[in-house]
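All remarks here apply to the structure that follows.
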Amino acid sequence: MSAQTPTRRTTITDIAARKGAEPVVCLTCYSAPMAQFLDPHVDLLLVGDSLGMVVYGLDTTLGVTLDMMINHGAATMRGSSKACVIVDMPFGSYQESREQAFRNAARVMAETGCSGIKVEGGAELADTIAFLTQRGIPVMGHVGLMPQSVHAAGGFRTHGRSEAEASKVLNDARAVSEAGAFSIVLEGTVEPLAQRIAAEVPTVIIGIGASPACDGQVLVTEDVLGLFTDFKPKFVKRYAELSVQVGDVARAYADDVRARRFPGPEHCFGVKKS
Ligand code: KIV
């Protein structure tokens, strides 16, 4: 018998208990190998529908399907053992009715083994969120800038600059909290408003382009690594420029192949050592 305590996966309850306590560390993840690298360091792995833009090269997240989310969610689960894994519900998979939302969310939970799902929407989605949470589906909300509503909102832009918009974002966060969400992503929202929401809303608020006062932070992993270079929003901190290294490695490999330096004898089978 091992003397080591087996690692326990972080639960929704653990995350919900972090309100006003140690910040929740969250990164996006779409694959098993990346999950293995990130898992020891984060509390939450979010299988975001940002994968549509980051992995599939789409212009927005609107073309992402339920099957894509399930495949990447299951891969992330296979690569992790410690972090709480949440899977995004893609555009069109939950907005039609609360029954549609339940059916698709239940499929995501059953087929990936994740701990909960994320939906974008404010007061208008509160009824659906309550329906899901009352039936055993933990929900992470997402208010402020909601990429699935990019066209309706007039593009990717910061929210809460006008008084009317600020009170809408605050009311959205309150409604999602009251509906039973265990945490809420607050995206692209002016800092003073984000600070106020983190202080006034009793649910864990996870910021992205929001405020250091939030109860946690999330970023897209490929942004952090410098692997997604199409654009860099102001709120992203790049901790590495791996795209440069990838290019250097590809060039070195190509030079070796063209010069017949690769494969060497050490990479071949049945070659006698001299
Ligand atoms: O889709 C996503 O990755 C997200 C995060 C950036 C919050 O929603």
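The values are calculated or read from the model by the stated rules, or taken from the named source; none is laboratory data. A quick note: this is a predicted structure, and the numbers were derived from the prediction, not measured. Backbone-built Cβ (ideal geometry, glycine too); neighbour counts: all protein chains shown.
So the values come out like this:
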{"item": "All positions within region 163-192 that are within 16 Å of the ligand (Cβ to nearest atom) and among the hydroxyl-bearing types (S, T, Y)", "result": "S183, T189"}
{"item": "One residue from V185, V150, V190 being under 25 Å from V55 (Cβ atoms), touching a residue at least 24 places away in the same chain (Cβ under 8 Å), of a type in the set (V, I, T) and surrounded by fewer than 24 Cβ atoms within 10 Å (Cβ to Cβ)", "result": "V150"}
{"item": "Among the residues listed as I197, I129, the single one being in the same structural domain as E22 (by TED's automatic domain parsing), assigned to a helix (DSSP H, G or I), crowded, with 19+ Cβ neighbours inside 10 Å and under 20 Å from the mean Cα position of the chain (by Cα)", "result": "I129"}
{"item": "Residue in region 3-24 that is at pLDDT 95 or above and part of a strand (DSSP E or B) present", "result": "yes"}
{"item": "Candidates T60, T7, filtered to the one that is within 16 Å of the ligand (Cβ to nearest atom) and on the phi < 0 side of the Ramachandran plot", "result": "T60"}
{"item": "I206 vs. criteria under 21 Å from the mean Cα position of the chain (by Cα), surrounded by 12 or more Cβ atoms within 10 Å (Cβ to Cβ) and part of a helix (DSSP H, G or I)", "result": "no"}
{"item": "Condition check for V246: β-branched (V, I, T) and out of contact with any strand residue (DSSP E or B) (no Cβ under 7 Å at 6 or more places or on another chain)", "result": "yes"}
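To keep it simple, each residue is scored yes or no on (1) modelled with pLDDT under 95; (2) within 16 Å of the ligand (Cβ to nearest atom).
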position: V119; (1), (2): no, yes
position: A130; (1), (2): no, no
position: G154; (1), (2): yes, no
position: R161; (1), (2): yes, no
